[in-house]
Each structure stands twice: as C-alpha cells, then as structure tokens.
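**Student:** Mind having a look at this structure? Questions to follow.
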Amino acid sequence: MKAEPHTPVRIYLLLGISLVFYPTFGSCLDGISHSSKVGRYIMGSYYEKYESFIDAHFDGFLSQDLPVNICEVLPCDLNTALSLSIRSRINGEGSHRQLSSTIKFNIKKSMSQVPIQHCKFIIIERLPSGVFADPFELEHLLHRAVFSDVAVFGDTNLELPSVLSNISVVEVHKDIGPNILSHNKNLLDFTVDLPLHSRYPRLDESGYVQVRLKAPDLFLQCSIQEKPHNRSCLFKLESDDAEADLTWSIPAGKRSDAGIVRAVTFVSALLSVLCIVFFTQIRQLKVMKQC
C-alpha cells in the first residue's frame, strides 16, 4: 500500500515541534530516570564518590550525579510556588551549644491536583573543623522522635583537636506530613535544634577562636502516589532572604600562659603521685601490724 505523499512532511513537522518544546518540559520528564538515584541520605551518596567535603564538589554532585528540581508531576521550578524563610542562631554558653534553625514555609500556589503522598524537609548543615556533632547524641534524639532521620558524615572522630580535624556534615530529615502542598496558606513554622560541641582549638593570644557556620542547604523530598517508577522527587529550596554566616567564639588558650600551665600541671601530677605513694605505705604498715 502506497503511503500518502504528505506523510514524511508530517513526520518531520512533529519531530521539529518536539525538538522545539523539549527544553521546556523535557527536564521534567527526565525525573523518571533520575528519581531512583535519591537514596536514603544525600550525603551518603556524595561520600561514596568523594573522600572529603568541598563546596565545588558538592555543587557539581547536585547538578550532575544527583539532579535536583526534576520531577514528572511537580513544577520544574518549585521555588515559584513556595515561599521559604529560615533563621538560624546559636544558643547556650561554653563549649556545648545548640544550633537552632527556624523554618517558615508558605504555599503560594496550591498543587491539590498533584498525587503527593508524603513530603519531608532535608536540612544539611556544614560544620567547620572546630565544631562537631556527636553521632551517639543524635541517635538518642532520633529514638525520641525529635527527627525522622539524622546522620553525620565526614570527620566523625570526637577526640581530635581542631587542627587535626576536617569538615563534617550533618543531614537532618523532618517529616511534614501528607498533602502538604495541596493547601494555600502558611502551614509550617517549626524549629530544628541541633546540639553541637567545640573541639580543642589552636592557641590564640586573644583568648578566643572564631568559628563561622554557613547557612544550611534545604531540600524538599516528596513521594508520589501510584507512581512506582517515580517514587520520589527532590527539590533544592532557596530562602527568600539571604542569611549571614553565624559566628561562634570558642575559648582558646594563650601561648603566653603555656609556661604557667605546664608548671601547675607538673606540680599537680607530682603531688598526686606523692599522695598515692604515701597512702599506699600507710596501708602496708597497717597490714604488717595486723600480722
């Protein structure tokens, strides 16, 4: 049977239209193939490829190895439908503090037609070498349901001083319930408290060492109903207002005091040894008298 003469023209026309419009919606369709790359932890996937945390590597990882802002059924740019603000502060005194992050989440455009089953926030805190989070303490908080999930990556050695330690990263998951994107009002206003501890800092004549904490990275991960081939979608959220870095002043020893500290330490150790020897001798004499 002979094909109509206009058939090739129609095929070429359809091909041309698809090529023109693919850049607009093609990235959304790619969500089917990329969504399977979202594992339990974003940072777990990152550290499978890189040994240490570097900002440039992490940005490349998000854009190449773990594409974000890509989904079949959600808007390609979710930030246009949401309004987000985050405020962080350091509470407490001394070497043990709490990093408190207050997140306000507003739905500007309802997405009730989207079959979303469940959503959660993922907060990634980058900790400099002078600060660490105790994995055992976080595990205890996880058992108390303070977080829905939490993990520490990078340098998790709790005993190292700051000069021998590296950057560590804490990933916190916070459930925000089902159908969160189907409303059109300010729904969320919650605070995440992350306990932090300072490492032994280097000597500094000012008596303090300044440690800077950058603003956290915030993601939204949603699971889609009746889409077994596209189980989750991951979006990187941008705050409406830029936040300045936080500064933590950690007490540090002065080099000029090193001589006094060594002398006091030596005398204390010597007195302790003499006391042990003295009381040991007295005990032995008592035992000999009883015999």
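The values are calculated or read from the model by the stated rules, or taken from the named source; none is laboratory data. The structure displayed is predicted, hence computed values, not measured ones. Don't worry about glycine lacking a Cβ; one is built from the backbone with ideal geometry, like all the others, and counts go over all protein chains shown. SASA here: full protein model, heavy atoms, side chains in, ligands and nucleic acids out. Shrake-Rupley method; radii C 1.70, N 1.55, O 1.52, S 1.80 Å.
**Student:** Show the residues, 5+ positions off or on another chain, whose built amide H is closer than 5 Å to the amide H of H118.
**Tutor:** Answer set, sorted by chain and number: N179, S223.
**Student:** Assuming 0.36 nm per residue, please report the length gained on full extension of the stretch S272 to E205 beyond their Cα-Cα distance.
**Tutor:** Values: separation 67, 0.36 × 67 = 24.12 nm, distance 3.07 nm.
This chain segment gains 21.1 nm when fully extended.
**Student:** Further, regarding this structure: So how do R283, R40 rank on accessible area, 1.4 Å probe, biggest first, that is with the largest at the start?
**Tutor:** R283, R40
**Student:** What FRET efficiency would be calculated for the residue pair V163, R87, taking the C-beta separation as r and a Förster radius of 35 Å, to the nearest 0.05? Don't jump to the answer; show the numbers that get you there.
**Tutor:** Numbers: r = 32 Å, r/R0 = 0.91.
Step by step, r from the Cβ atoms, then E = 0.65.
**Student:** For F136 paired with E51, estimate the spin-label separation in nm (one decimal), with each label point 7 Å from Cα along the Cα-to-Cβ line.
**Tutor:** Output for this residue pair reads 2.8 nm.
**Student:** Would you mind computing, in nm to one decimal, how far apart the modelled labels at K214 and M288 are, each placed 7 Å from Cα along Cα→Cβ?
**Tutor:** 6.9 nm
**Student:** Tell me, in nm to one decimal, what length is gained between V261 and F279 on full extension, where the rule is 0.36 nm per residue of separation less the Cα-Cα distance?
**Tutor:** Values: separation 18, 0.36 × 18 = 6.48 nm, distance 2.71 nm.
Value of the extension gain: 3.8 nm.
**Student:** If you take the square roots of the eigenvalues of the alpha-carbon gyration tensor of segment 249-291 and sort them as a ≥ b ≥ c, do you get rounded (a/c under 1.5), prolate (a/b over b/c) or oblate?
**Tutor:** On the way: a/c = 11.45, a/b = 4.00, b/c = 2.87.
Taking the square roots of the gyration eigenvalues as a ≥ b ≥ c, segment 249-291 is prolate.
**Student:** Going through the cross-link list K214/K236; K104/K174; K174/K236; K49/K120; K104/K236, which pairs have a Cα-Cα distance over 18 Å in this structure? Present the calculation step by step, with values, prior to reporting the outcome.
**Tutor:** Details: K214/K236 16 Å; K104/K174 13 Å; K174/K236 15 Å; K49/K120 25 Å; K104/K236 15 Å.
Listed pairs above 18 Å: K49/K120.
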